[in-house]
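Take a look at the structure set out below.
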Amino acid sequence: MTCGFSVTACDMATGRTMGYLDLRQVGFRGRPTEVGHRVRAANVAAVWRSYRDRGAAGLVVAGEIDADAVEHYRSALPAATLTVCRLHADKPDLTARIMPRGQHMSWAQPGDQLFGRSAGELSQVVDSSVAQQEVLDRAGVGVRVDSTGLDVAGTADAILATGVRLGPSPAPQHRSRSRIPGPSAVAARGRP
């Protein structure tokens, strides 16, 4: 499971009806290009309309985006309020998360592009991830959430601690934390 799904479950525990979507579910074609992001953004908008029409207060979208891609999602959802939460982890933590995926020693995500890669290739992925984080830091994309040393539940807690608002506030209830055991989360609410 991902931290995005865990954030969704925590918000649903407050009584809201929420939607969840993994960007890989709306574009199973490797790392997205600019065209791929436009297609994914259009697909996210269509899914959001369906969720919203069925009573969802918000939609949590988990997946990889870059600084330029954010605008594709804003354009596809012009009336929605988007909050981008950008996960950050230090290099040792990224290494500990990425290296086991080469041998499916972590959750076996269908279509994981890191499965079967050599240690050298995985090290390059780590270096690329560190470089991408630096680019996103410089660009000031979204709310930076440090997930270094955190598990999925801890990362979800860190995202929620930013004050990200996923939808209109429900009637006050006891908040039950869901510990569901996994990228950047985009929350959409409002009308597309």
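The values are calculated or read from the model by the stated rules, or taken from the named source; none is laboratory data. Please read all numbers here as calculations on a predicted model, not as lab measurements. Glycine gets a Cβ as well: all are built from the backbone with ideal geometry, and neighbour counts include every protein chain shown. Each accessible area value is taken on the protein alone, full model and side chains, heavy atoms only, with ligands, DNA and RNA left out. Shrake-Rupley method; radii C 1.70, N 1.55, O 1.52, S 1.80 Å.
Restricting to the range 83-108, give me the number of residues that are closer than 18 Å to L23 by Cα and either crowded, with 17+ Cβ neighbours inside 10 Å or at pLDDT 85 or above (or both).
From the range 83-108, those closer than 18 Å to L23 by Cα are 83-87, 107-108; that's our starting set.
Narrowing further to those that are either crowded, with 17+ Cβ neighbours inside 10 Å or at pLDDT 85 or above (or both): 83-87.
The qualifying residues number 5.
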Exercise for review: Looking for whichever is modelled with pLDDT of 85 or more, surrounded by fewer than 13 Cβ atoms within 10 Å (Cβ to Cβ) and not hydroxyl-bearing (S, T, Y) here; the options are G120, G111. Which one fits?
Suggested key: G120
Exercise for review: Output the number of the condition that A41 fails; it satisfies all remaining conditions of (1) in contact with a strand residue (DSSP E or B) (Cβ under 7 Å, 6 or more places away or on another chain); (2) part of a helix (DSSP H, G or I).
Suggested key: (1)
Study note, to complete from the structure: Reported set for the range 138-148 where residues are surrounded by 13 or more Cβ atoms within 10 Å (Cβ to Cβ) and under 23 Å from V70 (Cα atoms) is A139, V141, G142, V143, R144, V145, D146, S147
Check your understanding: Quick check: is even one residue across the range 67-74 basic (K, R), more than 16 Å from the chain's Cα centre (by Cα) and open to solvent by 10 Å² or more (accessible area, probe 1.4 Å)?
Key -> no
Exercise for review: Determine whether the range 77-88 contains at least one residue that is part of a helix (DSSP H, G or I), at negative phi and in contact with a Pro (Cβ under 9 Å, 6 or more places away or on another chain).
Suggested key: no
Point to revise | Number of the condition not met by R54 [criteria: (1) over 18 Å from D22 (Cβ atoms); (2) open to solvent by less than 70 Å² (accessible area, probe 1.4 Å); (3) not acidic (D, E)] | key: (2)
Review point. Any idea which of R179, R175, R189 is open to solvent by 70 Å² or more (accessible area, probe 1.4 Å), modelled with pLDDT under 55 and either over 30 Å from G55 (Cα atoms) or within 18 Å of the chain's Cα centre (by Cα) (or both)?
Key: R179
Exercise for review: With respect to V44, determine if the residue is of a type in the set (A, V, I, L, M), modelled with pLDDT of 90 or more and crowded, with 20+ Cβ neighbours inside 10 Å.
Suggested key: yes
Practice item. Tell me, yes or no, whether the range 31-39 has at least one residue that is under 26 Å from S129 (Cα atoms), modelled with pLDDT of 85 or more and out of contact with any Asp or Glu (no Cβ under 9 Å at 6 or more places or on another chain). Key: yes
